[in-house]
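I have placed the structure first, in the form of structure tokens, so that the comments after it can refer back to it.
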Amino acid sequence: MKSGEHGQPTSAVELTNVSQHGLWLLVDEREHFLSFDAFPWFRDATIAQLAEIERPGPDHLRWPALDVDLSIDSIEHPEHYPLVSGVGAEVRESPDEGRTTD
């Protein structure tokens with residue numbers, strides 16, 4: 001007897017809302033808010049890019065069109081992940097950089 005092919009995982013993730021402040025995701029019947037201040041990679045994305053979410057593992061979310069991967073734990077407990085994105089940050093030259101003294 002041959003087994004049937006595996007179906008789609010039942011534990012899906014869904015984009016439920018987007019505002020000027022951030023986006024909401026429904027994951028395992030829990031809603032999560034991702035502010036654009038904390039997650040700037042999503043700020044200029046289209047709705048189609050935001051809605052294309054993969055879940056490769058129980059704690060792993062991926063937006064392939066944006067090349068963004070996040071753990072659910074980092075969304076629920078951002079204080080455990082102190083690194084901040086440099087997206088949108090300008091590289092500024094120091095006023096004294098490049099000067100020579102005589």
**Request:** For segment 24-88, give the magnitude of the charge dipole about the Cα centre (Cβ charges: +1 Lys/Arg, -1 Asp/Glu; no others), in debye to the nearest 20.
**Result:** 160 debye
**Message:** Could you sort Trp24, Trp41 by their accessible area in this structure, using a 1.4 Å probe and putting the largest first?
**Reply:** Trp41, Trp24
**Potential extension, Ile47-Thr16 segment - 0.36 nm per residue separation minus Cα distance** = 10.1 nm
**Fill in**
Rounded to whole Å, √(5λ) for the Cα gyration tensor eigenvalues of segment 12-83, largest first, gives 16, 15, 12
**Prompt:** Taking the Cβ-Cβ separation of Glu29 and Ala65 as r and a Förster radius of 22 Å, what is the calculated FRET efficiency to the nearest 0.05?
**Reply:** 0.30
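The values are calculated or read from the model by the stated rules, or taken from the named source; none is laboratory data. This is a predicted model, so every value here is computed, not measured. Every residue, glycine as well, gets a Cβ built from its backbone with ideal geometry; the counts of neighbours run over all protein chains shown. Surface accessibility is based on the protein's heavy atoms, side chains included, excluding ligands, DNA and RNA. Shrake-Rupley method; radii C 1.70, N 1.55, O 1.52, S 1.80 Å.
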